[in-house]
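Values in this text are rule-based calculations from the coordinates and carry no lab data. This one's a predicted model, so the numbers in the text were calculated from it and none came from an experiment. Note that we place each Cβ from the backbone using ideal geometry, even for glycine, and neighbour counts take in every protein chain shown.
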Amino acid sequence: MADGAEANSFGQILEAVDRLSLEEQEQLIEVLSHRAADRRRNVLSREIRNARKEFEESLAKPANPDDILSEILQ
């Protein structure tokens, strides 16, 4: 959860966005949307690299959904 300073900064950002024109707000939404997609893509890429590394180091093994479910339920 955000502390007081972060919440205050967030509130200030929202107030600043309110002062933008509708066109500027739409551009901001587009920029933020692209940045968020890039961040999600980077996180996913990092997770894939880590999973491949674990598999190569025999820290993980291939499994089908039934195997995973049965292991969870034990």
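When Kirkwood radius over Cα pairs in Å is calculated directly from the model, which label among [x] 11.9; [y] 16.7; [z] 13.1 fits?
Step by step, Kirkwood radius over Cα pairs in Å for this structure corresponds to label [y].
With axes computed from alpha carbons, what is the tilt in degrees of helix 4-18 against the longest principal axis of the chain, rounded to the nearest 10 within 0 to 90?
60
Based solely on its DSSP helices, what 222 nm [θ] is calculated for the chain when runs of n ≥ 4 H residues each add -39,500 (n - 2.57) and the sum is averaged over all residues, nearest 500 deg cm²/dmol? Before the final figure, lay out the partial values.
Values: 3 runs with 59 residues, N = 74.
Mean residue ellipticity, 222 nm, calculated: -27500 deg cm²/dmol.
Estimate the FRET efficiency between residue 9 and residue 30 by the formula 1/(1 + (r/R0)^6), using the beta-carbon distance for r and 25 Å for R0, to the nearest 0.05. Display every interim value, and only then the final one.
Values: r = 22 Å, r/R0 = 0.89.
The formula returns an efficiency of 0.65 here.
HN-Hα J couplings of segment 50-57 from phi, Karplus 6.51/-1.76/1.60, θ = phi - 60°, integer Hz, Gly and Pro as x?
5, 5, 5, 5, 4, 5, 5, 8
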